[in-house]
């Protein structure tokens with residue numbers, strides 16, 4: 001009976017050590033593959049925000065708008081490529097749908113003139129229209145209401161403040 005208990009004790013210790021090593025390896029892999037890209041993304045976003053705020057404070061609004069529109073277009077095209085290439089991560093969730101609907105509203109009112117505009121516009125046309133509530137007062141809601149009552153979608157739409 002003594003040998004059996006000893007072997008059981010050694011097996012329990014080895015099982016514990018293996019579980020601990022697995023947990024450490026999983027934590028390391030999670031940090032390298034998930035957390036590090038997320039934190040790098042936040043760092044890049046912070047730098048971009050500082051640049052945009054600086055341009056706005058210096059009165060360079062057109063330059064700031066161009067940078068923001070490029071970021072918007074890049075995000076839309078990234079979601080399109082995820083949808084096309086990644087069966088699970090690319091699925092259009094409610095959060096992605098709301099983001100794409102917001103981009104669609106903006107780009108209908110202010111079409112892109114960039115080389116990637118046809119691909120992006122085609123993708124945004126496939127996105128279902130947003131259904132804003134009547135009491136919504138956000139800029140996007142006002143823009144969507146103005147867009148629905150405006151004539152051609154190629155002209156910028158004036159929105160009331």
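Read-outs throughout are calculated quantities, based only on the coordinates presented, and are distinct from any laboratory measurement. No experiment lies behind these values; they were computed from the predicted model shown. Note: ideal-geometry Cβ built from the backbone for every residue, glycine included; neighbour counts use all protein chains shown.
If every alpha-carbon in the stretch 1-94 counts as one equal scatterer, what log10 I(q)/I(0) does Debye give at q = 0.11, 0.13 1/Å?
Log-scaled intensity ratios, in q order: -0.62, -0.73.
Work out the FRET efficiency for residue 54 and residue 88 from their Cβ-Cβ distance, taking R0 = 30 Å, and round it to the nearest 0.05.
So the FRET efficiency works out to roughly 0.20.
What is the extension gain from residue 133 to residue 6, computed as 0.36 nm multiplied by their sequence separation minus the C-alpha to C-alpha distance, in nm to one decimal?
Once the chain is fully extended between residue 133 and residue 6, it gains 38.7 nm.
What are the principal axis extents of the Cα atoms in the chain, in Å, biggest first?
90, 37, 35
Measure nothing fancy, just the Cα-based angle from helix 36-57's long axis to the longest principal axis of the chain, in degrees from 0 to 90, nearest 10.
That helix lies at roughly 30 degrees to the long axis.
Helix 139-149 versus the longest principal axis of the chain: what angle, 0 to 90°, nearest 10, using Cα atoms?
So the inclination is approximately 50 degrees.
Could you state the orientation-averaged shadow area of the convex hull built on the Cα atoms of the stretch 69-155, in nm² to one decimal?
It is 5.9 nm².
Stretched out fully, how many nm does the piece from residue 26 to residue 38 gain, at 0.36 nm a residue minus the Cα gap?
Answer, rounded to one decimal: 2.6 nm.
In degrees from 0 to 90, rounded to the nearest 10, what is the angle of the helix 94-109 Cα long axis to the longest principal axis of the chain?
Roughly 20 degrees, rounded to the nearest 10.
How much length would be gained if the chain were fully extended between residue 65 and residue 19, taking 0.36 nm per residue of separation minus their Cα-Cα distance, in nm to one decimal?
11.4 nm
Which residue, 73, 84, 49, tops the fluctuation ranking in a GNM of the chain built on C-alpha contacts under 10 Å?
Checking each option, the largest mean-square fluctuation is seen for 84.
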